[in-house]
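Inspection log for the structure reproduced underneath, given as structure tokens.
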Amino acid sequence: MIFIKDVHLAFGHKKLFTGIAETIGPKDRIALVGSNGSGKTTFLRMLMGEVVPDEGEVEKPDYATVGYLPQDGVTAKDGTLREEVAKAFSGMTELKEKLDEAETKLGEMDPEAEEFYDLIDLMGAWEEQLASFEPEKMNSRIERVMTGMGFSLEDIDRRVDEFSGGWQMRIALGKLLLQGPSLLILDEPTNHLDVVSQNWLEHYLRKYQGSILIIS
Ligand SMILES: Nc1ncnc2c1ncn2[C@@H]1O[C@H](COP(=O)(O)OP(=O)(O)O)[C@@H](O)[C@H]1O
Ligand SMILES: [Mg+2]
């Protein structure tokens, strides 16, 4: 689904990547480990397209979505928590269009190719996402995920600016889970979670439809 092709990157004299070649499949579970400053965050930002390699490339078909929880520094400012995380569903019209586009593309693809099956997997996940896009289901999904993140039902209708930094990260993580990108990237997500929410997240991710790349 995502192809990392012979990527090189250096900052000044510090060489971070010297020829990385990897493929990320639609249901992969990847853990990224390395010492501080080894380039983990930079690698994720490269997958997001925020950092461009010096050599090589990251090839991502436009039907694949990538969602990223940064290590820190996320703040939501306006409205209630419910309104903020409901924005996760604003891409539904777009998703519907992508699904139509993918269907056309599927018709033109070689049914023997691995990509053909990757696309079918992705489309299955999108269809499920679209099916859950009914106002009633949307609210119950919001409540399920946000209580999983440790918020009470009353919290969900409080203003987002009432929450502190650590809770802001939980808001961002919840919103990301509700978005359900085809590749979910989490940079040290447990830093901001207590044990109960960590366990909840572990269970939730086990059933996650897409692929997951995690730094921990
Ligand atoms: N935009 C940048 N410009 C210059 N150096 C950078 C930049 N981003 C990261 N670095 C350097 O690259 C190295 C890897 O950083 P990072 O990817 O954050 O590591 P990790 O997440 O593994 O701790 C660090 O030495 C950092 O200072
Ligand atoms: Mg980092």
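None of the figures in this text is laboratory data; all of them are computed from the coordinates on show. In this text the structure is predicted, and so the values were computed from the model without any measurement. Methodologically, a virtual Cβ is constructed for each residue, glycine included, from the backbone with ideal geometry; neighbour enumeration extends over all protein chains shown.
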Cβ-based exposure ranking for R159, R82, in which fewest neighbours within 10 Å come first:
R159, R82
Say the cut-off is 26 Å between C-alpha atoms; which of K15/K175; K40/K175; K105/K137; K40/K105; K27/K98; K27/K96 go over it?
K15/K175; K105/K137; K40/K105
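Can you tell me the length gained on complete extension of the stretch D110 to M48, counting 0.36 nm per residue apart and subtracting the Cα distance?
Details: separation 62, 0.36 × 62 = 22.32 nm, distance 2.80 nm.
Roughly 19.5 nm would be gained on extension.
Please report, to one decimal in angstroms, the Kirkwood hydrodynamic radius of segment 81-181 built from all distinct Cα-Cα pairs.
Across segment 81-181, the inverse of the average 1/r is 15.1 Å.
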Highest-MSF residue in the chain out of G12, G73, G91 [GNM, Cα springs under 10 Å]
G12
Let me know the charge dipole size of segment 104-216 about its Cα centre in debye, to the nearest 20, where only the beta-carbon of Lys, Arg (+1) and Asp, Glu (-1) is charged.
480
Can you list which of the GluC sites (Glu not before Pro) found in segment 2-94 are DSSP loop residues with at most 11 other C-beta atoms within 10 Å?
E50
Just E154, E162, E103 to compare: in a GNM of the chain, with alpha carbon springs under 10 Å, which one fluctuates most?
E154
Relative contact order, percent, the chain [alpha-carbon distance under 8 Å, six or more residues apart]
30
How many angstrom lie between the C-alpha centres of segment 86-138 and segment 172-216?
21
One would report the Cα pair-distance distribution of the chain, bin width 10 Å, in %, as 8, 31, 34, 22, 6, 0
